[in-house]
Structures are given as structure tokens and as C-alpha cells.
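Below is one structure, written out as C-alpha cells; comments come after it.
Quick note: the coordinates plus some simple rules give every number you see, no bench work behind them. What you see is a predicted model; the values in this text were computed from it and never measured. Please note: Cβ atoms are built from the backbone with ideal geometry, for glycine as well, and neighbour counts cover all protein chains shown.
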């Protein structure tokens, strides 16, 4: 862990920002990407998308072409946020047809 600092009130700060990993699928204007998005602890994915940073880090990324074929895999890619069409956290994904038949 990096250096730790504290203010006059005793609050501690570190150089690194603690983040959670969320498995997600990202649709860009030209590709679909599946991998881990890193968001600040106790925050929503939307907050990370709304940050004033031009790129979003994706780790263990798999990039697919428009036909769903794997183009490449990489441990890290930076996706320009302006190219993102939608993002779906995979842990929250469901199949509406299986939901209807379950009821």
C-alpha cells in the first residue's frame, strides 16, 4: 500500500483509491467488451460513468466484433467513455423469458 497521510482532525488518506471490481459487458459504438470495471467502494456504476475522466479502465477484457467473435483478450484496456453506448453489470443480468416461465 502507498504512503498514508492524515489531516489535523485525524482523518487518514492514501495515494490509492480503494475500488470494487464488477464484471460487466460494455457496448461501444463498434465493439462489445466483457471484463471487470473498477468502481469506488460504496458507489454505483453510474457514479463512475459520470466522473470527469475520459477513460474507464477494464481488466481481464475480452473484445468481440459485431458478429460476436473474439477479436482479442487483454489484461487491461482503457475505454473512452464517449464511445460507450451501454453498460450492463453481469451479476445483475437476467433472462426475461426464464423469469416469465418461473412465475
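Projected label points at residue 59 and residue 82, each 7 Å from Cα along the beta carbon direction, are separated by 2.8 nanometres. Were the residues from residue 47 through residue 20 laid out at 0.36 nm apart, the gain over their Cα-Cα distance would be 8.4 nm.
The alpha carbon centroids of region 22-40 and region 60-82 are separated by 8 Å.
Overall dimensions of region 12-92, expressed as equivalent-ellipsoid semi-axes from the Cα gyration tensor (√(5λ), whole Å, largest first), are 23, 13, 12.
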